[in-house]
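Q: Below is the structure I would like to discuss, written out as structure tokens.
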Amino acid sequence: MGAARQTISFLNRRFREVGLHPDSRRGQNFLIDLNLVQLLADSAELAAGDVVLEIGTGIGSLTAIMAAVADTVVTVEIDRNLYQLASEELIEYDNVRMLCQDALKNKNNMNAQLIETVIAALGPRCSAGAAGRSIIPGFKLAANLPYNIATPILSNMLLTPVVPESMTVTIQRELAERITARPRCKDYSALSVWMQVQCDTRIVRVMSPSVFWPRPKVESAVIRVVPRPDLRGRIPDLDFFHGFVRSVFRHRRKFLRSVLISAYKRQLDKTAVDDILGGQSIAPSCRAEELDIDQMLSLCEAIRERLDKDT
């Protein structure tokens, strides 16, 4: 029911009724093309029994579509006024758990209360593997993500106790291209490596600013990210790899040798760094953006093993 109402005229009227305006500081851009709202929901491939996490409830239009299919929708909205509007729109859905809070504790961590709510909704299916950051079957993230938190949400969800089996979201097109970028291009970054080393990533659809209200200044995209157990299983220490990738891209135009010497200056001397690079057949003049995913993983493990050996 809610989805059919998210048109520009409906939004304008509801916002006028309560004296509100979209807050650009919170990345509030509402998807007003109803076909694209449905595309986002369809691309999430929801099924009966699923628990879905939505970040950015808005007025609940996507929430309603998903609640009609999934077992439970946990949806979080930071804006108290929008939370109240969505509560009214979603009153008939008893399988929607609404939270009014920030989804993030900080830029590197999800809000613990949100994760606890998800764990409670998942019940027994997540109890066995929660401590190991397992991918939980039947747990999915689907959302029209606020632009200002899209990067930390997608990145941090891969480090939570419960990892979604898929993440289907609308984000800035530029961010989607960074996530799916290949080596030796300007968009290839720490985020590209972090996502691709453990997930399949695919841009589903590019969207023009005209399908949102208010119109953003940039294009958007629906992206689908699917974590894979076999890929994640290649990474012995997720936290170490996460820190390693961020370190090597911190100064992306510098030679990798210099970056590693600086990043590990208290643990590895220049000779040790040269030995590691030589063992990986990586030239001293190589830059981080030239290494593919497998090379990144191999180099990271060589460094981690050397540090363990020296301690």
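Q: Return the residues of region 264-289 that are out of contact with any His (no Cβ under 9 Å at 6 or more places or on another chain) and part of a helix (DSSP H, G or I); say none if nothing qualifies.
A: Lys270, Thr271, Ala272, Val273, Asp274, Asp275, Ile276, Leu277, Gly278, Gly279, Glu289 - these are the residues of region 264-289 that are out of contact with any His (no Cβ under 9 Å at 6 or more places or on another chain) and part of a helix (DSSP H, G or I).
Q: For region 290-311, what are the residues that are in a helix (DSSP H, G or I) and β-branched (Val, Ile, Thr)? So that I can check it myself, show each step before the final result.
A: So in region 290-311, the residues in a helix (DSSP H, G or I) come out as 290, 293-310.
Across region 290-311, the qualifying residues are Ile293, Ile303.
Q: Same structure, new question: Tell me, please, whether a residue that is surrounded by 20 or more Cβ atoms within 10 Å (Cβ to Cβ) and either touching a Gly at 6+ places or on another chain (Cβ under 8 Å) or closer than 20 Å to Asp102 by Cβ (or both) can be found in region 176-183.
A: No; the residues of region 176-183 include none that is surrounded by 20 or more Cβ atoms within 10 Å (Cβ to Cβ) and either touching a Gly at 6+ places or on another chain (Cβ under 8 Å) or closer than 20 Å to Asp102 by Cβ (or both).
The numbers here are math on the coordinates, done by the rules we state, and not lab data. No experiment lies behind these values; they were computed from the predicted model shown. Reconstructed Cβ throughout: ideal geometry from the backbone, glycine too, with neighbour counts over all protein chains shown.
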